[in-house]
Amino acid sequence: MRPEPGQLLHFSEDPSITRFVPHVAATAQQPGAYVWAVDHDRAPDYWFPRQCPRAMAWVRPGATTDADRDRIIGVGCGDRVHVIEFAWWEAMRTTRLYAYRLPAEPFRPFGEPEPHAHVATEPVEPLGPPEPAGDLIGCHAAAGIQLRLVDNLWPFWDRVIESSAGFSGIRLRNARPRPAPPAEVR
């Protein structure tokens, strides 16, 4: 599920939205009221249940080292990996997610140093009714994105943020607590 040219997408579990009004999200790290949407490249970041914590990594052409590609993404595993905890697998299988197609005109790129979303500061009406995203696991498979299951996100996250790979983490506050560091051997 990706936007067509001239469109952006907003993903939601609510199929009844008729108008998107700018608001300050509960998790906002910026003060502005926005309508949020994503483009073709960032749409896969939202092929998840809304509250599902996920860590994502991808190869950045010309920037990601071969060693980091093999260590983070995996040897022969494509250019992108999305990682979730086992506890979210059932929700990934059963959540009904909808994509709202929005006109790109009222939006501007958002995020530094690279935009990760698009925002509008005026109300936006969808171009049509929401479309079911379908099988979220199947969306990943069709896009060639590896979906990895782990017991705890934090060890992967700690490795990826120190790597040369591109990365993003969403809803990490919903992840299991960090594992205790190993006991010091004396």
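Since every read-out is calculated from the coordinates, none of them should be taken as a lab result. None of these values were measured; they are calculated from a predicted model. Backbone-built Cβ (ideal geometry, glycine too); neighbour counts: all protein chains shown.
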| query | What dipole magnitude, in Debye to the nearest 20, does the stretch 7-174 give about its Cα centre under +1 on Lys/Arg Cβ and -1 on Asp/Glu Cβ? | reply | 200
| In the neighborhood of residue 155, defined by Cβ-to-Cβ distances under 14 Å, what is the net charge if each Lys or Arg adds +1 and each Asp or Glu adds -1? | +1
| field | Derived scalar couplings ³J(HN,Hα) [the stretch 64-72; Karplus, 6.51 cos²θ - 1.76 cosθ + 1.60; whole Hz; x for Gly, Pro] | value | 7, 6, 4, 4, 5, 4, 5, 6, 8
| message | I'd like to know which of 29, 59, 77 lies farthest towards the positive end of the charge dipole of the stretch 1-95, counting +1 on Cβ of Lys and Arg and -1 on Cβ of Asp and Glu. | response | 29
| request: Would you please give the residues with an amide H less than 5 Å from that of residue 65, counting only those at least 5 places away or on a separate chain, with H modeled from the backbone geometry? | output: 164
| Can you work out ³J(HN,Hα) from phi for every residue in the stretch 12-26, in order, using Karplus 6.51 cos²θ - 1.76 cosθ + 1.60 and θ = phi - 60°, giving whole Hz and x for Gly and Pro? | 8, 8, 9, x, 10, 6, 10, 7, 9, 10, x, 8, 8, 5, 4
| Got a sec? Charge dipole of the chain, +1 on Cβ for Lys and Arg, -1 for Asp and Glu; which of 9, 117, 95 is way out at the positive end? | 95
| Whole-Hz ³J(HN,Hα) from phi, Karplus 6.51 cos²θ - 1.76 cosθ + 1.60, for the stretch 119-130, glycine and proline x | 10, 10, 10, 10, x, 9, 9, x, 6, x, x, x
| query | Quick one: Cα centre-to-centre distance for the stretch 1-62 and the stretch 100-147, in angstrom? | reply | 5
| Under 5 Å, built H, 5+ apart or other chain: amide partners of residue 153 | 176
